Each structure stands twice: as C-alpha cells, then as structure tokens.
1. Could you give the nm distance between label points at A:Asp196 and A:Glu325, where each point is 7 Å from its Cα heading toward the beta carbon?
2. For chain A, modelled as a Gaussian network with Cα springs under 10 Å, which listed residue fluctuates most, A:Phe308, A:Phe100, A:Phe323?
3. If you fit an axis through the alpha-carbon atoms of helix A:10-22 and take the longest principal axis of the Cα set of chain A, what angle between them do you get, 0 to 90°, nearest 10?
4. Among all the lysines, which ones have a C-alpha under 20 Å from B:Lys141's C-alpha, if same-chain residues fewer than 8 places away are not counted?
5. Below 28 Å, Cα to Cα, which lysines can A:Lys2 reach? Residues fewer than 8 away in the same chain don't count.
6. Treating the beta-carbon of each Lys and Arg as +1 and of each Asp and Glu as -1, no other charges, what is the dipole magnitude of chain A about its Cα centre, to the nearest 20 debye?
7. Going down the table (B:Lys137/B:Lys162; A:Lys238/A:Lys327; A:Lys288/A:Lys327), which pairs top 19 Å between alpha carbons?
8. Give the shape of the range A:2-119 as rounded, prolate or oblate, defined through the alpha-carbon gyration tensor: a ≥ b ≥ c are the square roots of its eigenvalues, a/c under 1.5 means rounded, and otherwise the shape is prolate if a/b is larger than b/c and oblate if not.
Amino acid sequence: MKILIADDDPNTIDMLTNTLEAFGYDVTSACDGIEASSLLRTGDYRIFISDWQMPGKTGLELCKEIRDRGLDNYIYVILLTSFSSMEGVVQGLESGADDFLTKPFNPAELIVRIRAGERIISLESREMTIFSLAKLAESRDKETGDHLERIRTYVKILAEELSKQVEFHDIIDGEYVKLLYLTSPLHDIGKVAIADSVLLKPGRLTTEEFEVMKTHTTLGAQTLAEVATCYPSAGYLKMAIDIALTHHERYDGKGYPNRLIGDEIPLCGRITAVADVYDALTSVRVYKDAYSHETAVEIITRDSGTHFDPRIVRAFLGCQDRFLEIKNQLNCETSRTVMA
Amino acid sequence: MSASRKWCVVVNFLFHTTDSKTRDGDSPSDAVSISTKAVESLLSIDVPQLLSRCLGNRDLARRLIERFQISTSELEGKIEKALSELQLEEVSLLAHRLKGEAANLGANLIRENSASIEDACRESQLPIAVGALADLKQNNKLLQEQLPVLIQNVATSDPDPKLSCLPKRQPR
C-alpha cells in the first residue's frame with residue numbers, strides 16, 4: 001500500500017516514515033501542499049496523511065480538493081494536527097477527512113488507524129472487483145439485462161425475510177446478508193467458459209449441450225477455489241464458491257452437479273436457487289417470453305419441497321410483493337408478451 | 001533561579017552523589033542507573049518517549065534532536081521578530097508549528113510555552129505572549145545547553161514501555 005505524507009516539518013515526516021516503513025508500507029513525502037497536490041494527481045496513493053497547516057495549501061484545502069475531484073479510487077485521508085478542539089474536528093470532517101491523528105502521535109495508534117483505512121479501501125475494491133467479474137461473465141449473454149442487480153437484491157430480501165424465522169436467527173445476521181448480496185452475482189461466473197454455440201443457442205439445448213451447460217457450476221466453483229487458495233484471507237470467497245457450485249441443486253436431490261439433498265445444499269445455494277428461478281421465469285429469454293409475477297409465484301409454490309426448500313418458499317411468499325417491486329424497478333424486458 | 005542555572009546545579013549535585021555512592025560500595029552500574037534516571041527527568045526532551053516514537057531507532061532520534069535544536073532557535077527568532085512587529089496572526093502560526101514539533105519530540109516545556117504564545121496571540125493577550133516568549137527563550141537556552149547530554153542519553157536510555165506496545169506486523 002502506497003502512502004503519501006505531507007508535512008512542512010521534516011522531523012514529523014521522518015518519524016512517520018520510520019514507523020510506516022517498519023510495518024512494510026511504501027511511503028512518499030511532500031514538504032508542502034502544492035507538492036502533495038501534484039503527487040496526489042498521479043493516482044498512486046490510496047492513503048494520505050496530511051498536516052493541517054502547511055505552506056502552499058493547507059490540509060483542509062487538500063481534503064476538499066480530493067473530494068471535489070470525485071476520484072474513482074477512494075483516497076483515505078488522515079489529518080495530522082495539534083488541534084484538539086471539537087471545532088477543528090468538525091471542520092476537518094466537513095472538508096472530507098476520514099480520521100485524525102494528534103501530535104504527538106503514538107506509533108501504535110498510527111498503525112491501527114492506517115489499518116482501519118486499509119479495511120475501508122479493501123471493502124471498496126472487493127465489491128468493485130467481484131461485481132466487475134460477474135458483469136464480465138454476464139456480458140456474454142446480453143439478454144439477461146439487469147439480471148445481476150436483481151438477483152443480489154432478491155437474495156437480500158429473501159435472507160432478511162428468512163432471518164425472521166427462529167431456526168435461521170443464529171445463521172443469518174447482518175454480515176451474512178451483506179456477504180450474500182456481495183457474492184451472489186458470481187453464481188454464473190462459470191459461464192465464461194461455456195462455448196457461444198451452447199450459451200447463446202436460441203431454442204432448446206440437446207442433451208449433450210445441456211451436459212456442457214451444466215458444467216458452468218463446477219467450472220465457476222473451481223475458478224473461485226483457485227482464487228481462494230491464492231488469497232486465503234478472502235473468506236467471502238467460500239460463500240461465492242458454494243453459490244456457484246450449488247445454485248442448481250434441488251431440494252429433492254435431483255439437481256446438479258452433485259445431486260445434494262435437503263440441507264446438504266448450503267443455505268446460500270438454496271436461497272440463490274429461488275431468486276434465480278424467479279428471475280428466469282419473469283424475464284425474457286431467447287427461447288421463451290416472460291411469465292407474469294403471479295405465474296412465477298405459482299410455479300415456485302408448486303415446486304416447494306421438490307425443487308426448493310419449503311422454508312425458503314415460505315419466506316418468498318412472505319416477501320413476494322417486494323420481489324414484484326424490484327422486478328418492476330429493474331426492468332427485465334417484459335415488454336414482449338407476458339405469458340400467463 | 002533560572003532553569004538553566006537549576007540544571008547546572010542539579011547536574012553537579014548528581015555527579016557528586018554518584019561518586020559518593022560508588023565509593024560507599026554500590027556497584028558503578030547501579031549508580032549510573034540511578035543518575036541516568038534522575039538526569040532523564042530533568043532533560044528538556046523526554047528521551048525514552050522519543051525513542052519509543054522512533055521504534056528504538058537511536059540514529060533517527062539523535063538526528064531529530066539535532067534538527068529540533070536548530071529549528072527551535074530559528075522559530076524562536078521568528079516569533080520574537082513577529083511579536084515585536086505585533087503580527088499576532090503570524091506569531092500564532094509560528095508558535096503552532098513549534099508546538100507540533102515540540103510535541104512530537106517530547107519537549108514538553110517548549111510545547112507548553114509555544115501553546116501559551118499561540119493561545120495568547122489568538123486572544124490578543126500581548127503581555128501573556130511576551131511572558132511566554134521569555135519562558136520559551138529560557139527553555140530553549142536549556143535545550144541548547146543540554147544537547148551533549150541529550151545525545152548521550154539517546155545512546156543509553158531505554159524506550160518508554162508505555163508507548164512501546166505495537167500491533168503485530170501483518171504479512172504484505
């Protein structure tokens with residue numbers, strides 16, 4: 001992680017640099033506001049520690065400049081100051097600073113504040129990376145429109161509804177819902193490896209072609225598992241793998257790829273299955289028109305206990321109005337004849 | 001008695017006491033340890049604290065003290081000039097800068113004097129600012145006098161354990 005420090009006091013720069021380098025950070029320093037401003041424009045720095053009062057531009061002015069530019073990559077700003085008044089804190093936060101460090105700084109405090117900044121930056125990068133990957137996979141199949149946006153919203157609604165059921169209290173909390181929202185768009189990531197002749201074929205697939213299509217579950221899970229091996233700290237990939245692998249399993253054990261039965265199927269896979277089928281039914285496909293919301297509800301209710309976990313279908317029925325709202329908001333090309 | 005005079009008297013006393021203790025049978029290292037602790041408490045800069053902030057890097061601590069000694073004199077001169085010209089806003093900015101530098105070094109008396117000058121100028125309390133400047137000049141004189149001892153202390157003191165608790169390093 002590259003960090004930029006701006007301070008007109010060389011002693012402060014040396015002390016900060018000494019601590020940050022000891023913890024493995026790559027540090028650059030600027031001795032005034034003008035130099036800092038020009039270094040920030042390179043886009044190389046995600047964390048910026050700035051003195052409040054400096055010649056050229058003050059820390060506050062630099063903060064405003066960074067936020068006004070609305071950069072794609074968020075820069076985490078820590079203001080270094082001898083002020084300790086509430087007025088100073090408010091002024092700093094209003095100008096766009098994320099945190100403060102008061103002189104004299106404590107090395108331990110500096111490091112934990114930097115780590116807090118890193119966590120925020122990594123969350124932003126993580127979400128962007130995951131969604132871009134999923135969009136890349138989706139881009140091969142243009143007909144699905146805002147499928148990913150809808151899926152992640154559907155699974156979030158379902159999980160929140162399920163968490164009201166006593167037996168899911170301890171499993172589904174805010175963090176679980178967030179992870180599900182984050183990783184569910186990766187459910188079809190394996191489709192990037194499916195040939196166009198199969199993926200984009202108008203009309204029904206032959207048995208052989210369907211066998212090929214089914215491999216998108218294992219291919220997606222394998223790819224994500226390889227990424228997880230390289231980044232063992234990325235715990236959220238475990239859920240992404242489960243979803244990619246199991247969202248076509250059926251509650252009665254007749255699904256694919258592993259014919260898992262009932263609770264053998266991870267909960268995230270069972271939730272995504274309902275959301276995915278609802279979206280497939282209510283969207284136009286190359287081989288079919290869109291079904292109405294009512295028909296989709298009817299089909300999902302009919303398949304409770306066979307295709308779907310009955311508890312999740314119950315939750316779905318409890319929040320189906322919100323599904324309809326999302327379907328209408330994130331238009332899924334229902335302009336073609338809606339099938340009754 | 002001025003701060004620098006007090007310092008001279010105390011140092012003479014300490015060296016005398018150290019000699020007596022050694023002669024009376026205490027080990028020389030005990031005596032040195034006692035005197036080191038006592039001298040540390042009288043220094044213009046809290047060296048153990050500074051060493052902790054430098055993560056035990058003694059070369060860096062020495063360089064910072066030498067640079068601070070020069071910077072303090074420069075800023076003191078600028079503050080005196082600006083104060084004589086009644087440029088209170090400028091005095092306030094200079095004092096603010098010295099306050100920050102002193103705080104990081106652990107030069108507590110100089111930090112307090114700078115803070116008093118800064119506050120007095122913000123509130124246009126000229127007599128208070130003049131009085132605080134006089135204190136600053138005395139404490140700066142003490143800093144200049146103590147430089148050899150401070151440098152020696154950097155080589156012998158231990159970092160302040162209260163500031164030495166660091167988070168674990170993470171693999172990058």
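Rule-based calculations on the coordinates, nothing more; no lab input. Everything numeric in this text was worked out from a predicted model, so none of it was measured. With ideal geometry, Cβ positions are generated from the backbone for all residues, glycine too; neighbour counts draw on all protein chains shown.
1. 4.1
2. A:Phe100
3. Tilt of helix A:10-22: around 40 degrees.
4. Qualifying lysines at Cα under 20 Å: B:Lys6, B:Lys78, B:Lys81, B:Lys99.
5. Correct list for A:Lys2: A:Lys57, A:Lys64, A:Lys103, B:Lys168.
6. Working: 37 positive and 54 negative charges, 226 e Å.
Taking the Cα centre of chain A as origin, the dipole is about 1080 debye.
7. Beyond 19 Å between Cα atoms: B:Lys137/B:Lys162; A:Lys238/A:Lys327.
8. Rounded, since a/c falls under 1.5.
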